[in-house]
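Presented below is the structure to which this report refers.
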Amino acid sequence: MNYEDVLEHYRKEEVKKEIFEYCRNRWVALEGSLHEERLFIRYWRDGTPLKFEKENDIDRAFKTFRGVRPRTVYATINLYRTLQRPSDTDKPENIVRCSPIWDIDSSPDKWKHTIEAVRIICDFLEREGMSKSIFIKWSGRGGHIHLHEMAFSEDIISKHNPLDIAFSVVEYTLKKLEKPLLEVVNASEGVIKVENKVDIKRVFTAPLSLHREVDLCCVCFKSSELDNFEISWADPKSYKHNPKWRDYVVGEADPLALKAIEEVGGYKGWTREMPREKAMKIEIIKKKPSTKPITGKIGRFQVMGLLQAARYYVLTKDLEKAKSFGLNRAIFYAWAKHYGRGVRTQIKAKSLRRTLSEKAGGKLTKACGEEAFVSPRGWFMMGDAEQLPHDYDRQIVRHISSVVPYEEAWKAALEYVSSFPKRILEDPQRFFKVVYEPVRDSFVEDVIKGKKRKPPSTLDSLIL
């Protein structure tokens, strides 16, 4: 799909209406790209959180950020009282409502398995008393089951934070359904993952938004339509979308919420994003070793991200922060390569990055000898976007895994990086020149297959 087709899709009146009505009172995010860099826009240029207060704001956002070619619209699971400052998104008391959402990560060719997982969850919710307040979204690669945030009464919202309720409901449900869902995951050969991704800044795709990679749009439908669903419903040129995602019955989710809160105890990540392994995830943990020969090439962006993560881990032993740092540096060097062509452009872009980072609450710090911004929650950031561990998994791990098992690449990267002295790892220029550059186009052959696990002797004499 060329970009004019993307813009044409978002000019449709129904598309704008559905996106606006879903995103209203939510914190919005746009996703675009610049070369290999994935860009996540969450603030207007004046530093205020991105939000749609009127339908025309959608056109305004696409025009304002046209330089990064926005393709996908997301919105938070939270609805807020006010969204005037970046700090408004961190205040528990500012959350008015929160949507419990079950995330089923999959692929278009496994859509029938995905629908089966959706059915298991929907059947459970219906047995628990939900009838009108459930809707399903086909996001493009997988499914999301939504329990409408207005299905909880004011009485229960007054006693428990909406985010505590949403997290507990999703967690409770997945624990109860672990066995049948794991059977579907196994049947899909491990392609499907069912997760609790509820956290304070979580976003999901807005109705009728295009997917960020595949040429499908996000359509909504009700559980009564599961038997008839076809992936062709998500074709942007002839989509089938049910606007009854708006339907709900106040209070019908209260009994489930009370049981879930009692058993789960609420959201665990108020001070910082909860490590993913502590939230429920249903996937194949142990996979048989691959017998396929390693073929193909890992892109420079992924090699940079992997080696930077390995570098941070070797120096600090903090795996989650290593992922954040690795993706952050990969994005930074991709940005530097693009903007390094002109001094004025470079200065202007760098200034914008710094301004956005500071307005988003970021603080400049030194890590592994490099200056980088860190968010109030402790993650590395570029501009106004945090680089979270699950972003690393999506942009680095997933791409590497298409060439070679990631665990094998990570082990080889650690061995390779560890073979260099600390003074090289703490020097950004030397790291780039001595560690990254020699293997950026030959990582599989030289590092994973073992041809270059130690620093070359010529470099030993010149720089070590």
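The values are calculated or read from the model by the stated rules, or taken from the named source; none is laboratory data. This one's a predicted model, so the numbers in the text were calculated from it and none came from an experiment. Positions of Cβ are generated from backbone atoms using ideal geometry, with glycine treated the same way; all protein chains shown enter the neighbour counts.
See the values below:
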{"quantity": "Exclusive hit being assigned to a helix (DSSP H, G or I) and over 17 Å from Val203 (Cβ atoms), set Asp5, Asp57, Asp46", "calculated": "Asp5"}
{"quantity": "Output for segment 428-453, where each listed residue is touching a Leu at 6+ places or on another chain (Cβ under 6 Å) and among the hydroxyl-bearing types (Ser, Thr, Tyr)", "calculated": "Tyr436"}
{"quantity": "Positions within segment 53-76 being under 30 Å from Ser158 (Cα atoms) and in contact with an Asp or Glu (Cβ under 8 Å, 6 or more places away or on another chain), in sequence order", "calculated": "Tyr74"}
{"quantity": "Residue within segment 112-124 that is without any contact (Cβ under 8 Å) to a residue 24 or more places away in the chain and over 14 Å from Glu225 (Cα atoms) present", "calculated": "no"}
{"quantity": "Single match in Asp393, Asp384 (criterion: of a type in the set (D, E, K, R), surrounded by 18 or more Cβ atoms within 10 Å (Cβ to Cβ), touching a residue at least 60 places away in the same chain (Cβ under 8 Å) and closer than 29 Å to Val203 by Cα)", "calculated": "Asp384"}
{"quantity": "Test: residue in segment 26-38 that is modelled with pLDDT of 90 or more and hydroxyl-bearing (Ser, Thr, Tyr)", "calculated": "no"}
{"quantity": "Complete set of residues in segment 375-413 that are more than 21 Å from Pro86 (Cβ to Cβ) and among the basic types (Lys, Arg)", "calculated": "Arg394, Arg398, Lys411"}
{"quantity": "Top-ranked residue in segment 27-40 [being hydrophobic (A, V, I, L, M, F, W, C) and in contact with a helix residue (DSSP H, G or I) (Cβ under 7 Å, 6 or more places away or on another chain); ranked as farthest from Leu327 (Cα to Cα)]", "calculated": "Trp27"}
{"quantity": "Yes/no for Gln302 being modelled with pLDDT of 70 or more and either closer than 19 Å to Arg423 by Cα or surrounded by 14 or more Cβ atoms within 10 Å (Cβ to Cβ) (or both)", "calculated": "yes"}
{"quantity": "Test: residue in segment 263-273 that is modelled with pLDDT of 95 or more, assigned to a loop (DSSP other than H, G, I, E, B) and of a type in the set (Lys, Arg)", "calculated": "no"}
{"quantity": "Leu147 being assigned by TED's automatic domain parsing to the domain that holds Glu21, in contact (Cβ under 8 Å) with a residue 12 or more places away in the chain and farther than 30 Å from Pro236 by Cα", "calculated": "no"}
{"quantity": "Those residues of segment 396-405 which are surrounded by 17 or more Cβ atoms within 10 Å (Cβ to Cβ), modelled with pLDDT under 90 and either touching a Lys or Arg at 6+ places or on another chain (Cβ under 9 Å) or more than 17 Å from Val191 (Cα to Cα) (or both), in sequence order", "calculated": "Val403"}
{"quantity": "Flag for Gly67 being in contact with a strand residue (DSSP E or B) (Cβ under 9 Å, 6 or more places away or on another chain), modelled with pLDDT under 95 and not in a strand (DSSP E or B)", "calculated": "yes"}
{"quantity": "Counted residues, segment 61-108 - those being free of Cβ contacts under 8 Å to residues at least 12 places away in the same chain and either under 20 Å from the mean Cα position of the chain (by Cα) or under 29 Å from Val184 (Cα atoms) (or both)", "calculated": "0"}
{"quantity": "Of all residues making up segment 178-201, the number that are among the aliphatic types (A, V, I, L, M), surrounded by 20 or more Cβ atoms within 10 Å (Cβ to Cβ) and touching a helix residue (DSSP H, G or I) at 6+ places or on another chain (Cβ under 7 Å)", "calculated": "6"}
{"quantity": "Any hit, segment 408-427, residues being touching a Leu at 6+ places or on another chain (Cβ under 8 Å) and either under 22 Å from Gly269 (Cα atoms) or part of a strand (DSSP E or B) (or both)", "calculated": "no"}
